[in-house]
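K.L.:
Structure in C-alpha cells, see below.
The values are calculated or read from the model by the stated rules, or taken from the named source; none is laboratory data. Just so you know, these numbers come straight off a predicted model, no measurement behind them. Note that each Cβ is placed from the backbone with ideal geometry, even for glycine, and that neighbours are counted across all protein chains shown. Ligands, DNA and RNA are excluded from the accessible area calculation, which covers all protein heavy atoms including side chains. Shrake-Rupley method; radii C 1.70, N 1.55, O 1.52, S 1.80 Å.
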Amino acid sequence: TSSKRTLRTLFRPAALPPPVISESSPSQKKLLAYHRGKEQQEIINQLLIDRALDVYYITMEETDERDAALPITELRSTVRKYFFIKPLKILSFQADYLFLKKCVQSNPMIPIQQQWLRSMLAMVPQSLMEGRERQLLTEELLKEIVKDYEMSMQRCVLRRALIKPDIKELDKLEDEAPLPSLPLGLDFSRTWHDSYIKAKKRITSTLYILHPTMKTLLDFGYTAFFNFLVVDFSGCRLKGPVDCKSFKTDASLSCSKAEDEIMNTWYQRVVGLFTQSEALDGVKLDQLESFCNCVAVLLSNQLKELLQRTTEVFVKLFDPEDRSRLPIFKMDLTFDENRMEFYPSLQDLEETILFVVDCIGQTLQNIQTVHALLTGGTATLDTELPAHTAQWAKSTLKKSIRDNLEGPKEHFKGYVESYGWLVDGTAEERIKRFVAEQPSFDEYT
C-alpha cells in the first residue's frame, strides 16, 4: 500500500442536507426552496474547491515540487476569491483561468468502453480486415478513435466546469480548435433499414435469373452460339474474285440457313424445356408473366450477342492493316458511249458490302416468345441489332472501302490520262482539222 494520497481517497462523497417537510404557506415554501437552493449551491461550490485543491497538491507531490506549493489556507482563500465569491467576470484574468483549467484537465477521464470499439469493428466487412497491413491500419485507427474520444471528453468537462473569459489574448495561448458543430440537413437515423430489408426480400423472391431454368437456358445458348456465325466470309478470299451479285446472294443464303439451323436446334431445345413441368417449379401463377419476361430478356440478349459478334467479325475482314482475309471483287473496266468506267461502279460495290450488315440485322427477327408459346400469343423476341452497332459497322466499312479502293482509282486515273484523248473526241477533232488543211503527200506520210 502507498502512503501517498490519491484522488479516490481525497474526494469526499457529496452530502446534501435532508429535505425539510413542513406545513407552510406557498410563500413560505417558495422562500424555503430559495434558501435550500442557495445552501445546496454553497455545498457544491465547497466540493469543487476541495477537489481542485486536492488535484493541485497531488500534482505537486508527483512532480516533487511539494515545497513550492502554496499553504492550504492561502490557496483556499485565493480559489474562493476568484472562483465563487467574486462575480464571474473576475475569471477574465488569464492566470487564474489557466490555473483552474489545468486543475480540471488533470482529473482522470472515463475511458472509452471496449464494447464500443468491438461494435465498430463488427460493422467493418471481414474482407477489409485481412492481411497484416490492414491489421496495423485497424490498430492505428482505433488509437485515433480513443485519442479523439479522450480529447472530446476532456474539452466537454472543461466547458461544463469553467466559463472561458472573453479575452482575445487568451485565444492565442490556447491551441485547441473549437468544438465541431452538428451537421445541418443530415439525417443519421436508420429509417432506410426496414425498407432496405423489405426490398431485399422482394428482390430475392422475384429475381428469376437465379432460377435453375435460367441456368439451363444459358447452357443452351453457350453450346449453340459460342462458335457460330450467321454469316462467315472468312474463306471468301480463297475462292478467288467474286462479283457483287454473287456476294449478295451468298450473304442472303447464309443468313437464311443460319436462321433455319437455329430454329431447328437451339429454339427446339428451349421449347422442349418449357413443355416440362419442372421448368416452372416455384413460380406462382401470378408470377408467370414476369418470369416469362425474364426468359424473353435472356433469350433476346443471347441472340443479340450472336448478331453483334457476327457483324464485328465481318467488319474485321476489311481491316486495311490486315488484308490476309480481304475479299476480292471482280470488276470490269468498260467503254460505253465514249466513256470509260468500272462495272459495277464503286458506289455499287460499297452498297454490296453494306448490304451484308443489313442482312445480318434482318435475321432472327420473328422468333416467338415463351409466354406467347404457352398462351397462344403472337409476341416475338426483341432481337434487333443495336442501332449503335449497325452505325459503327457501316461507318467503319465505308472508311475501309475508301482506303482499299485507292489502288483501283489510281489504275482508272492512269487509263484516263493515257487513253482518254482517244475516246473523248480529242483525237477525232485533230483528224478532222488535219484533213481540212489539205496537206501534201509527204505531210500525209
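K.L.:
Residues to consider are Thr352, Thr378, Thr363; find the one that is part of a loop (DSSP other than H, G, I, E, B), open to solvent by less than 20 Å² (accessible area, probe 1.4 Å) and of a type outside the set (Gly, Ala, Ser).
P.N.:
Criteria check complete, one pass: Thr363.
K.L.:
So, in the stretch 226-272, how many residues would count as being over 22 Å from Gln308 (Cβ atoms), in contact with a Pro (Cβ under 8 Å, 6 or more places away or on another chain), open to solvent by less than 80 Å² (accessible area, probe 1.4 Å) and in a helix (DSSP H, G or I)?
P.N.:
Qualifying residue count for the region: 1.
K.L.:
State which residue is modelled with the highest pLDDT when the search covers only the stretch 409-445 and only residues that are touching a Phe, Trp or Tyr at 6+ places or on another chain (Cβ under 7 Å) and not aromatic (Phe, Trp, Tyr).
P.N.:
Step by step, filter the stretch 409-445, then rank; the result is Ala427.
K.L.:
I'm trying to understand the selection: among the residues of the stretch 273-295, which are open to solvent by 50 Å² or more (accessible area, probe 1.4 Å) and β-branched (Val, Ile, Thr)?
P.N.:
Of everything in the stretch 273-295, just one residue is open to solvent by 50 Å² or more (accessible area, probe 1.4 Å) and β-branched (Val, Ile, Thr), namely Thr275.
K.L.:
Provide a single number: the residues in the stretch 206-225 that are open to solvent by 70 Å² or more (accessible area, probe 1.4 Å) and either of a type outside the set (Asp, Glu) or in contact with a strand residue (DSSP E or B) (Cβ under 7 Å, 6 or more places away or on another chain) (or both).
P.N.:
Count: 8.
K.L.:
Show me the helices (runs of 4 or more DSSP H) found entirely inside the stretch 74-174 where at least 1 residues are modelled with pLDDT of 85 or more and either out of contact with any strand residue (DSSP E or B) (no Cβ under 9 Å at 6 or more places or on another chain) or more than 25 Å from Ile43 (Cα to Cα) (or both).
P.N.:
Ranges flagged: 114-122, 132-161.
K.L.:
Another question about this same structure. State whether one or more residues within the stretch 400-416 are surrounded by 15 or more Cβ atoms within 10 Å (Cβ to Cβ) and either touching a helix residue (DSSP H, G or I) at 6+ places or on another chain (Cβ under 7 Å) or within 20 Å of Leu303 (Cβ to Cβ) (or both).
P.N.:
For the stretch 400-416, residues surrounded by 15 or more Cβ atoms within 10 Å (Cβ to Cβ) and either touching a helix residue (DSSP H, G or I) at 6+ places or on another chain (Cβ under 7 Å) or within 20 Å of Leu303 (Cβ to Cβ) (or both): present.
K.L.:
Does the stretch 381-391 hold any residues that are in contact (Cβ under 8 Å) with a residue 24 or more places away in the chain and surrounded by fewer than 17 Cβ atoms within 10 Å (Cβ to Cβ), and which are they?
P.N.:
Answer for the stretch 381-391, where residues must be in contact (Cβ under 8 Å) with a residue 24 or more places away in the chain and surrounded by fewer than 17 Cβ atoms within 10 Å (Cβ to Cβ): Asp382, Glu384, Pro386.
K.L.:
Would you confirm whether or not the stretch 297-308 contains a residue that is surrounded by 15 or more Cβ atoms within 10 Å (Cβ to Cβ), aliphatic (A, V, I, L, M) and farther than 26 Å from Leu373 by Cβ?
P.N.:
no
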